[in-house]
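Here's the structure we're looking at; comments come further down.
The values are calculated or read from the model by the stated rules, or taken from the named source; none is laboratory data. Computed from a predicted model, the values in this text were never measured in an experiment. For neighbour counting, all protein chains shown are included, and Cβ atoms are generated from backbone atoms with ideal geometry for every residue, glycine included. Side chains are part of the model used for accessible areas, which takes the heavy atoms of the whole protein and leaves out ligands, DNA and RNA. Shrake-Rupley method; radii C 1.70, N 1.55, O 1.52, S 1.80 Å.
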Amino acid sequence: MLTAAYKRGVERLRARMQGRFRAWVNRRIPPARSVTLNQKRIFIFPSSVGLFFGLCLLIMLIAAINYQNNMSFALTFLLATLFVVATLHTYANLSGLTIHAVRAKSAFPGQQSEFEIYIERTKQRPHYALHVKWAQSTDATVNLESDHRVEIRLHTAVGKRGWYSPGRLLVESTFPLGLLRCWTWIDLDLHALVYPQPEACGPLPGLATDKPDGAAVAIVGSDDFYGFRDYQLGDSPKQIHWKGLAKGQALQSKQYGAYADRSVWLDWDMFMGRDSEQRLSHLCYWALELESDNVEYGLRMPGLVIQPGSGIKHRDQILKELALYGLPGGRQ
Amino acid sequence: MRPEQQVPRNALVWIIITMFTLVAPHVGRIPLWILGLYAIAVFWRIMVYSGRWSFPGRWVKVALTLTCFSGTFFSFGTLIGLEPTVALLLAAFALKLIELVNRKDGYVLLFLGYFLCITEFLFSQDIPIALYSLLNVTLITTGLVALNQPGQHRFNFKTIRLPALMLLQAFPLMLVLFFLFPRIGPLWTVPLKSLTAKTGVSDFMKPGDISNLSQSDEVAFRVQFEGEIPSREDMYWRGLVFSRLVEGAWTSLVYYEIPVRERREKPVTTDGEPVEYSVIMEPTQQNWLFSLRYARPLGRGVMRAPDYRLFLPIEMEDEYQYRVRSWPDTVLDRELSDWRRRTELALPEDTNPRTRQLGVELRRSAADDRAFVDTVLRKFNQEPYIYTLQPPTLGEDAMDEFLFETRRGFCEHYAYAFVVMMRAAGLPARVVAGYQGGEINPVNRTVIVHQFDAHAWAEVWLEGEGWVRVDPTAAVSPDRIEWGLEQAVSGEGTFLAGSPLSPLRFRSVAWVNTLRLRYDALTYQWQKWVIGYEGERQYNFLQKLLGEVSGWNFVVVLLGSWLLVLLPVALSLLSKRTIRRLSPAEKQFVSFCNKLAKAGISRAPSEAPGDYSRRVVRLHPSMAPQVTQISALYNELAYADAGLSAARRADLLEQFARAVRGLKMPSKHQGASE
């Protein structure tokens, strides 16, 4: 009973301490897209190897005292002062570095997102064994020896839809002697967009499968000539304006109205009776499907209409809206 | 294994180099199979590295460890002692190499290396060893740096630069700590002791022992006199007083054999002018000290024996220094106690009958004790007795054989025979062992006493005079006392015959001798100020330096001097040149931008120089010619730089600078009307 209460107390205390510490770090190292490391941001403490080294020094000191051996004293003191000097060198190895956020790749839940950053040195000295990682991410150890900057890609599994924040980036180094650990936590203000989990469902409601493509489109202007546009790779030979070509004009394709109208509307209201997360999942699924089928599609959501289109950019825009729907910072 | 936990190849090479430099000075005191172990370990690790072999399995490791322990036991006969311990440490160091899998193992290995440096100092703290250890520390530290430098796939000699620099920066800090750190006594005694005997006078003297010792050119001790250095003939360094003759060997009295009331030195009235001097002894692993008679120690720690010699309660494992005041003219033991008289007359009944007989006869024919002593000395001097470094070995009745047959002997033979004759005739006498003479180093006026100055002489007790020094060797070979061993045996060419390269054999070559003496003077300073820096010397030094020895003073001096060193280091580390240095053209362009910024048209960070110029012209059409020129010049200098000749570039830069200097800013009014 008592132990449980005690444990709870300790737990609470620890949580509060962590909260305080986080708040303190936040004040000290505010989020920024690029951070230059200086004394305000760098922490230094003996590493576990350094503590072991201290133990060795203690044994050496006792040997020196017991043998009354002045050269052993000198050696022990030389190593102890080497430790002191190493503090400056370890610190200098991290100081003057600038860490820039580049971008974070969007991902689906459960996937790995790629975070790209680069480290740049502002001073003429080389930096070695810089270890970077986010709490949950893969890590990397890099040197800045001859180059002035080095790019780093770290991967981390993302969570629910919305903006995924990897937390603070740990930059640490024990160079040159491994006896001291110098580190910092920086918030690079880098977030990965996590899309809704795509979830397949039956045929798209309201999309009749027995009719040809584009039948669902309200406007009927079939096969009406619409205009010319520059030939693009993949245009059917039937479309090519051969007459023009024969006249010596540039290669052009004819456009027909019906093609423009072969578009699908993804509508929030298509999935009546499902909760909003499920709707988002279905919409996401269909957006991916239609994109891969080269069908133009638009999105209608409460408070938002995206005109039909296609292409990666269009898809990403739609997925972003789906990802952020109903989230603080996203569209309502 | 995670890649950053791997040991980089560069580190591996440095560690292997370090292994060999660490083991090198121990060769000679460790069994040879340990070197074999090193070769095997390195070979094995290289095979592992090249992927042909694998790391040893657990049982192999256990077997190797057991082999090392039993090997050490068989080589030394014991596992306790300094040499076996060092041998085991060195073996562990070699074995750890074939276990060197990740960086953690590397740390253990290198820290063990630092510890091995210390073991070297337990054998010697001389200048060469200190310098060599500094090299070792640099190499070990290089190993540490290499271990922390990932991605070094080949041996890189330049790795040594950073650790060398760091040690250089740490060195002055170490000196401060070295001089300030209070030297307290050992926390517990029984430190491991060395098993190898040191050369030196021993408490067990048989004929032939001192002549053996005289083959060595090692330094026994060095003496610095306060005033005048006494003459050579007077420098009899007493170390041991041999009162007991047992089975043909002389030994001193054992403490518990002495009756309690005889254990303390008798009160002595000192006579004449004292001499004051300090002695630095090389480690002897014995506990007796050498001094001129009659000596009293200055300072604590040194004890006095009832036969007027000095000793330490513990054995000397390191250099030891002590200060002494001596009164050479003092009468010792004006009265002799019964016990003392009995002891100093005792002779084994069954040996050397002829010698004892001769003693009795010579005494009978002499008028008094003094005349008897002179008769014996005259006998040595006038009969064909020879002083030699190579005396023949003697049998059971050694002195009979020596006196009547071989007649060739070293100092211990003459002292021995003399004392036997004295005791046989009823005159208390004893053998004294120590050193005689010494070499005066003109560089620092120290007296260097070598092992070949080892000597044995006699003391007889005369009524009214107490103990009187008699040196029978002086009767045989006056040169030995007046000039030293080298002159005394120059006829037979046996001086340091065993060490042909000893610099002492080349004393006639001026530059060798000068070098030797200078180095010896340096060694003396080293022993005095570095190795012997403790206790009183430390206190006096600190008092002179700080005025007052207190904890507060220590802290101030320590922090002050450390800051003095660390601040410049920190500044040089943290204020390295920034990388982007502007080219001359860029500098001019920046000042151009600054000028315009003052007039309210600052360049946006994303704005290209050309766009910026066009914007300026749009805002201030009056400036068009100047700005266009500047823009064109900058474009040419910045983007066509590679194609420009040096002269052309200089010319353009000159124009550029002039144009920027001559840029007239539009007045505010003009700007506002726009």
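Structure notes:
- Inter-site label distance for A:LEU327 and A:PHE21 at 7 Å from Cα along Cβ, in nm: 2.8
- Carbon plus sulfur fraction of accessible area for the stretch B:483-524, probe 1.4 Å, in percent: 64
- With the charge dipole of the protein assembly as shown set up from +1 on Lys and Arg Cβ and -1 on Asp and Glu Cβ about the Cα centre, the Cα lying farthest toward the positive end among the listed residues A:LEU190, B:ILE118, A:VAL49 is that of A:LEU190.
- Across the options A:GLN68, A:LEU179, A:PRO31, the greatest Cα extent toward the positive end of the charge dipole of the stretch A:26-194 (unit charges at beta carbon of Lys, Arg, Asp, Glu) belongs to A:PRO31.
- Partner lysines whose Cα lies under 24 Å from the Cα of A:LYS238, excluding those fewer than 8 positions away in the same chain, are identified as A:LYS211, A:LYS247, A:LYS254.
- The stretch B:488-589: GluC sites (Glu not before Pro) in DSSP coil with no more than 15 other Cβ atoms inside 10 Å: B:GLU492, B:GLU548
- Cβ-placed point charges (K, R +1; D, E -1), dipole of the protein assembly as shown about Cα centre in debye, nearest 20: 5300
- Heavy-atom SASA rank of A:SER34, B:SER631 (probe 1.4 Å, accessible area, largest first): A:SER34, B:SER631
- Max mean-square fluctuation residue, GNM over chain A, Cα-Cα springs under 10 Å, options A:ASP189, A:ASP147, A:ASP230: A:ASP230
- Qualifying chymotrypsin sites (Phe, Trp or Tyr not before Pro) in the stretch B:171-243, where qualification requires a DSSP coil assignment and no more than 14 other C-beta atoms within 10 Å, comprise B:TRP188, B:PHE204.
- Gyration tensor (alpha-carbon) shape descriptor, chain B, a/c threshold 1.5: prolate
- Set of lysines with alpha-carbon distance to B:LYS158 below 24 Å, sequence-local pairs under 8 removed: A:LYS123, B:LYS104, B:LYS576
- Rolling a 1.4 Å probe across the protein heavy atoms gives the stretch B:539-652 an accessible surface of 63 Å² per residue.
- The angle separating the long axis of helix B:161-180 from the principal Cα axis of greatest extent in chain B is about 50 degrees.
- For A:SER146, the solvent-accessible surface with a 1.4 Å probe is about 100 Å², rounded to the nearest 10.
- Quarter of Cα convex hull surface for the stretch A:26-194, i.e. mean projection, nm²: 11.3
- Rounded, prolate or oblate (a/c below 1.5 giving rounded, otherwise prolate when a/b exceeds b/c) for the stretch B:209-510 by Cα gyration tensor: oblate
- Burial here means at least 20 square angstrom less accessible surface with every protein chain in place than with the chain by itself, probed at 1.4 Å; in the stretch A:75-93 the buried residues are A:LEU75, A:PHE77, A:LEU78, A:LEU79, A:THR81, A:LEU82, A:VAL84, A:VAL85, A:LEU88, A:HIS89, A:TYR91, A:ALA92.
- In the frame of its principal axes, the protein assembly as shown has Cα extents of 160, 78, 65 Å, reported largest first.
- Annotation for B:ARG518 and B:GLU492: the two label points, set 7 Å from Cα along the Cα-Cβ direction, are 3.7 nm apart.
- Gap separating the Cα centres of the stretch B:429-507 and the stretch A:30-69, nearest whole Å: 57
- Beta bridge orientation in the protein assembly as shown: antiparallel %, DSSP, nearest 5: 90
- Straight-line reach from A:LYS313: taking Cα to Cα under 16 Å and skipping same-chain neighbours fewer than 8 places apart, the aspartates and glutamates in range are A:GLU289, A:GLU291, A:ASP293, A:GLU296, A:GLU321.
- Theoretical FRET efficiency, 1/(1+(r/R0)^6), r = Cβ-Cβ of B:ARG618 and A:GLN197, R0 56 Å, to 0.05: 0.55
- Buried on complex formation within the stretch B:165-186 (loss of at least 20 square angstrom of accessible surface versus the isolated chain, 1.4 Å probe, ligands and nucleic acids ignored): B:MET166, B:LEU167, B:GLN169, B:ALA170, B:LEU173, B:MET174, B:LEU177, B:PHE178, B:PHE181, B:ARG183, B:ILE184, B:PRO186.
- Part-to-part distance (alpha-carbon centres) for the stretch B:217-238 and the stretch B:132-204, which is given in Å: 35
- Between A and B, buried accessible area from a 1.4 angstrom probe totals roughly 5200 Å², ignoring ligands, DNA and RNA.
- Per-residue [θ]222 nm for chain B (sum of -39500 (n - 2.57) over DSSP H runs n ≥ 4, rounded to 500): -15000 deg cm²/dmol
- Cross-link pairs beyond the 28 Å C-alpha cut-off, checked among A:LYS133/A:LYS320; A:LYS40/A:LYS320; B:LYS96/B:LYS193; A:LYS40/B:LYS598: A:LYS40/A:LYS320; A:LYS40/B:LYS598
- Within 10 Å of the Cβ of each residue in A:124-135, the mean number of Cβ atoms contributed by other protein chains is 2.
- Compared with the dominant Cα axis of chain A, that is its longest principal axis, helix A:276-292 is turned about 70°.
- Within the stretch B:396-433, backbone nitrogen closer than 11 Å to the virtual label 7 Å beyond the Cα of B:ILE386 toward Cβ: B:406-409
- The stretch A:35-88 - Kirkwood radius from inverse mean 1/r over Cα pairs (Å): 12.7
- Only protein atoms count toward the accessible area here, which uses a 1.4 Å probe; on the stretch B:3-172, the carbon and sulfur part of that area reaches 70 percent.
- Taken over chain A, the convex hull of the Cα atoms encloses 231 Å³ per residue.
- About the centre of its Cα atoms, the stretch B:3-172 shows a dipole size close to 560 debye [charges on the beta carbon of Lys, Arg (+1) and Asp, Glu (-1) only; nearest 20 debye].
- Taking label positions 7 Å along the Cα-Cβ direction at both B:TYR539 and B:PHE404, the computed distance is 6.1 nm, reported to one decimal.
- Relative protection proxy for B:425-438, A:238-251, B:512-525, from highest mean packing down: B:425-438, B:512-525, A:238-251 (other beta-carbon atoms within 10 angstrom).
- Where a label projected 7 Å from the Cα of B:LEU195 along Cα→Cβ would reach, residues of the stretch B:264-286 with amide N under 19 Å: B:285-286
- Cα long-axis angle, helix B:353-365 against chain B (0 to 90 degrees, to the nearest 10): 70
- Computed E for A:GLN112/B:ALA608 - FRET, C-beta separation, R0 25 angstrom, nearest 0.05: 0.05
- Think of it as helices only: each DSSP H run of n ≥ 4 in chain A is worth -39500 (n - 2.57), and spread over all residues that comes to -11000 deg cm²/dmol at 222 nm.
- Those residues of the stretch A:157-195 for which accessible area with every protein chain present is at least 40 Å² below the isolated value (1.4 Å probe): A:PHE175, A:PRO176, A:LEU177
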